[in-house]
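Below: the structure, in structure tokens.
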Amino acid sequence: MEILSNKPGQKLILLGNEAIVRGALEAGVQFVSTYPGTPASEIGNTFFKIAKKAGVYFEFSTNEKVAMEAGVGASFSGLKTLIAMKNFGLNVASDALLPFVYTGTKGPTVIVVADDPSCHSSAQSEENSRAFASLAHIPILEPSDPQECKDFVKLAFLISQKYNIPVLVRTTTRVSHQKMPVQLGPLTKQARFGKFVKNVHQFVTMPPRVLEMKRELLGKIEQIRGLSEKRSTVRGSASTIGIITSGISYLYVMEASKELKLDLSVLKLNFFYPLPDKKIKSFIKNLKKVLIVEELEPYLEKEVKSLAKEVNCKLQIFGKDLIPEIGELKPEIVISALAKVANRKYKEVKVKQVPIIKRWPQLCPGCPYWLVFGGVKKAVNEKEVVFGGDIGCYMLAGLPPHLIQDYLFCMGSSIGIAHGIKKATKQKLITFIGDSTFFHSGIPALVNTVFNKSNPLIIIMDNQTTAMTGHQPNPGVCGVKIENIVRACGVKHLKVIDPVKQAEFIKTVKEFIKKPEVSVIIARHPCVFVKK
Amino acid sequence: MKKDFNIVIVGTGGQGLITLLQIIAEAALASNFDVKTSELHGLSQRGGSVEVHIRFGQKIYSPIVAQSKADLIIALEMQESLKATYFANNKTTFLINKHIVPIPLQKSLSEGQILTTLKKISKKIKVVEASGVTTGVYLLSLASFKGLIPLSPNLIFRAIKKVIPQQYLEVNKKTFELAKKHAKT
């Protein structure tokens with residue numbers, strides 16, 4: 001509860017995600033919704049612990065789109081709102097995000113999205129959420145450390161308040177899971193309830209009004225660009241070589257400058273969208289060389305290249321020719337790139353040859369999934385069955401000793417893809433999906449198997465928690481019964497079995513896989529970490 | 001201290017590496033150092049390999065240690081020390097728990113194999129028995145008493161008291177005292 005300390009000036013060691021929480025509390029946040037996902041999970045976990053004491057409404061929503069919509073409702077009712085999720089969550093929520101940027105906010109609203117370059121905890125793609133700048137026209141701030149996480153969240157609330165627009169704060173794993181001493185500011189307390197004041201002009205996106213909204217939005221962005229100009233900073237001595245960067249990459253640039261004893265001028269952006277075009281142009285105008293240091297896709301590099309055409313067409317622009325587009329950056333990558341641009345000698349260190357050990361993550365001792373995977377292997381001939389995977393601890397089905405995962409995609413997709421395979425082939429198929437993932441986005445796909453008549457065997461692994469991201473509660477623990485949903489979807493073959501009863505489990509798998517209609521086994525046994 | 005001090009800690013999920021990181025960070029802050037840490041959460045903690053970083057000094061930018069820049073590598077498991085060699089140079093100290101956690105379906109490397117490899121990289125390899133106690137706190141306390149880390153035992157002790165929950169504090173205090181005793185021998 002130290003995070004609720006009201007001693008302004010005090011320094012507290014905070015994780016980036018905790019600093020985001022603190023920033024929101026200092027800004028006077030009233031409503032928080034999220035769906036857990038690494039590396040964003042600790043935002044929700046922290047609010048879950050402190051919300052009551054802090055007098056803030058907090059919920060783990062069913063999925064990110066629902067979290068976004070709940071946040072929209074709170075904002076329309078005048079509350080200061082924070083919505084948090086990981087990168088893929090923003091894809092799920094994007095259907096609600098785009099119109100929200102059009103209508104704008106009533107209560108100031110900040111959306112936090114956490115990317116995961118190098119995919120430390122992300123199965124499906126190495127997503128760069130910066131792309132939402134061009135898709136949604138949403139202002140994006142990029143903090144580089146926990147202090148900035150706190151400060152930028154407060155700034156984002158101010159921008160949202162002034163321009164009535166939701167603001168995105170984008171972090172990456174090395175920012176959200178970075179710790180440092182953070183200087184606290186005063187906490188702000190706000191009322192718990194707001195009021196929805198009817199205003200169809202703002203809240204209804206029907207055409208032709210929606211096009212007017214787009215015009216208003218683009219106008220807001222141009223105004224915010226002025227702030228982006230002011231908030232970007234130049235440091236270091238004037239020279240003929242410059243660096244443009246933001247977020248975590250800025251820290252590596254400073255580290256590299258220290259290592260190479262270079263004092264180049266560095267433009268730190270803070271805003272990824274809208275970009276401070278004037279500032280960038282004046283920065284590059286008299287340079288001979290500029291290095292763009294950014295992780296993943298060269299979004300910034302492309303912008304700088306186009307601006308350079310206006311002010312300095314002889315400028316040599318370095319970026320993805322020296323810095324990889326795949327995987328997160330590391331200090332040594334930036335040191336090497338900087339040395340090349342500045343013509344400094346830098347001997348790259350060879351990676352030492354050592355015996356390689358591969359220690360894969362494992363299902364915990366006592367995890368009920370051991371019994372599900374083991375039982376399935378006893379019930380069917382693995383070679384004759386296609387196994388569908390989904391997002392959760394049970395992704396470990398794809399690793400030794402299990403090796404029963406033939407495809408893995410996005411949340412809830414195991415069922416949707418199973419249906420497609422069943423329609424396209426005559427093969428047997430079993431999918432694994434967890435309880436939280438089923439609630440998140442498995443239900444519409446299950447309805448589709450009934451509606452369009454296919455017959456996969458779906459094993460819903462109900463361990464009564466959202467285990468992988470840190471044991472957050474899900475609707476199953478509050479009386480929403482999965483078997484009632486499955487039955488209501490029109491599934492005829494349904495059994496709830498504790499996989500500890502292996503004989504019954506194996507017998508049911510053998511029986512259900514032959515059914516001409518979709519069948520569901522709910523394998524219910526609590527995660528070893530669920531408190532009874 | 002003019003130079004930044006860089007530590008990489010490796011082990012397997014569940015060995016308490018993140019708590020250890022918090023203790024060092026608190027001690028560094030109490031010494032008026034700037035400090036940054038980097039850790040990974042999520043599926044990586046399900047018994048897989050874990051690697052965390054902490055850096056402190058006058059002004060710290062990057063939360064992760066650059067290749068071959070570690071001053072101290074603490075390994076809570078012997079085989080994992082090999083993964084940290086990426087961060088080692090010939091002056092790096094390795095402080096290693098004499099303990100091997102087997103990997104299912106794989107043959108474990110022997111202590112001899114591991115040490116032969118490490119000795120080619122640095123001469124400063126210290127292997128200690130730390131499994132009967134709270135391993136991380138023992139290794140950290142030992143490092144402090146032996147002067148392998150520029151943070152005084154007094155500050156480490158205060159940080160332990162701040163970070164460790166009440167119910168586990170007594171055993172960790174004992175561990176600290178044990179490290180003090182062993183450091184002299």
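Taken together, the values in this text are just the output of simple stated rules run on the coordinates, not laboratory data. Being a predicted model, the structure only gives us computed values, none of them experimental. Here the Cβ is made from the backbone with ideal geometry for all residues, glycine too, and neighbour counts use every protein chain on show.
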**Request:** From other protein chains only, count the Cβ atoms within 10 Å of every residue's Cβ in A:249-260, then give the mean.
**Result:** 3
**Request:** At 18 Å minimum axial length over the Cα atoms and a Kyte-Doolittle cut of -0.5, report the qualifying DSSP H helices in chain B, or say none.
**Result:** B:17-30
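Ranked from highest to lowest mean number of other Cβ atoms within 10 Å per residue, what is the order of the peptides A:522-529, A:189-196, A:213-220?
A:522-529, A:213-220, A:189-196
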**Request:** Only Cα pairs under 8 Å and at least 6 apart count here; give the relative contact order of region A:294-380 as a rounded whole percent.
**Result:** 23 percent
**Request:** Any of A:Lys179/A:Lys289; A:Lys347/B:Lys59; A:Lys162/A:Lys320; A:Lys162/A:Lys279 with alpha carbons more than 31 Å apart? Name them for me.
**Result:** A:Lys179/A:Lys289; A:Lys162/A:Lys320
**Asked** With each run of n ≥ 4 DSSP H residues scored as -39500 (n - 2.57), what mean residue ellipticity at 222 nm is computed for chain A after dividing by its residue count and rounding to the nearest 500 deg cm²/dmol?
**Response** -12000 deg cm²/dmol
**Message:** Looking only at region A:232-341, where both bridge partners belong to it, what percent of the DSSP beta bridges are antiparallel (to the nearest 5)?
**Reply:** 20 percent
**Request:** Could you let me know the centre-to-centre spacing of region A:165-243 and region A:483-523, using Cα atoms, in angstrom?
**Result:** 48 Å
**Message:** Can you give me the distance in nm between label points at A:Lys320 and A:Lys515, each placed 7 Å from the Cα along the Cα-to-Cβ direction?
**Reply:** 4.8 nm
**Centre separation in Å (Cα based) which lies between region B:119-185 and region A:294-328** = 47 Å
**Cβ-placed point charges (K, R +1; D, E -1), dipole of region B:1-144 about Cα centre in debye, nearest 20** = 540 debye
**Message:** Between B:Ser31 and A:Lys162, what's the calculated FRET efficiency when r is the beta-carbon distance and R0 is 25 Å? Round to 0.05.
**Reply:** 0.05
**Item:** 0 to 90° range, to nearest 10: angle between helix A:502-512 axis and chain A longest Cα axis
**Value:** 90 degrees
**Request:** Please report how far the C-alpha centroid of region A:37-92 lies from that of region A:340-377, rounded to the nearest whole angstrom.
**Result:** 32 Å
**Complete:** Two pseudo-spin positions, 7 Å from Cα along C-beta at A:Lys11 and at A:Cys478, lie apart in nanometres by 4.0 nm
**Asked** Once both axes come from the Cα atoms, what is the angle between helix A:16-27 and the longest principal axis of chain A, in degrees from 0 to 90, rounded to 10?
**Response** 70 degrees
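From the cross-link list B:Lys36/B:Lys181; A:Lys422/A:Lys507; A:Lys65/A:Lys378, which pairs have alpha carbons spaced over 28 Å apart?
B:Lys36/B:Lys181; A:Lys65/A:Lys378
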**Fill in**
The relative contact order of region A:217-364, taking Cα pairs under 8 Å that sit 6 or more residues apart, comes to a percentage of 25 percent
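Could the peptides A:36-42, A:92-98 be put in order, highest first, of the mean number of other beta-carbon atoms found within 10 Å of their residues?
Top to bottom by mean Cβ count within 10 Å: A:36-42, A:92-98.
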**Antiparallel DSSP beta bridges within the protein assembly as shown, percent to nearest 5** = 30 percent
**Fill in**
To the nearest 10 degrees, the tilt of helix A:331-341 (Cα long axis) against the first principal axis of the alpha carbons of chain A is 40 degrees
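So for each of A:508-514, A:265-271 I average, over its residues, the number of other beta carbons within 10 Å; can you give me the resulting order with the highest mean first?
Highest-to-lowest ranking by the protection proxy: A:265-271, A:508-514.
Return the FRET efficiency for the residue pair A:Ser282, A:Lys49: r is the Cβ-Cβ distance, R0 is 56 Å, and the value is rounded to the nearest 0.05.
On the way: r = 46 Å, r/R0 = 0.83.
Taking R0 as 56 Å, the efficiency between A:Ser282 and A:Lys49 is 0.75.
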**Asked** Once you charge only the Cβ atoms, +1 for Lys and Arg and -1 for Asp and Glu, what is the size of the charge dipole of region B:87-148 about its Cα centre, to the nearest 20 debye?
**Response** 320 debye
**Prompt:** Quick one: if you stick a label point 7 Å off each Cα along the C-beta vector at A:Ala191 and B:Lys126, how many nm between them?
**Reply:** 6.2 nm
**Prompt:** Taking every residue in A:347-356, how many Cβ atoms of other protein chains lie within 10 Å of its Cβ, on average?
**Reply:** 5
**Item:** Radius 12 Å from Cβ of B:Ala27, net charge of other residues (Lys, Arg +1; Asp, Glu -1)
**Value:** +2
**Item:** Overall form of the protein assembly as shown per C-alpha gyration tensor (a/c, 1.5; a/b vs b/c)
**Value:** oblate
**Complete:** Here the relative contact order (percent) of region B:5-184, from C-alpha pairs under 8 Å and at least 6 apart, is 22 percent
**Message:** Quick check for me: using +1 on Lys/Arg Cβ and -1 on Asp/Glu Cβ, what's the dipole size of region B:1-49 about its Cα centre, in debye to the nearest 20?
**Reply:** 120 debye
**Request:** Partner chain Cβ atoms within 10 Å, averaged over the residues of A:161-167 - can you pull that number for me?
**Result:** 0
**Request:** Please figure out what share of the DSSP beta bridges in region A:361-459 is antiparallel and state it in percent, rounded to the nearest 5.
**Result:** 0 percent
**Request:** Set Lys and Arg Cβ to +1 and Asp and Glu Cβ to -1, take the dipole of the protein assembly as shown about its Cα centre, and tell me which of A:Leu79, A:Gly226, B:Leu95 lies farthest positive.
**Result:** B:Leu95
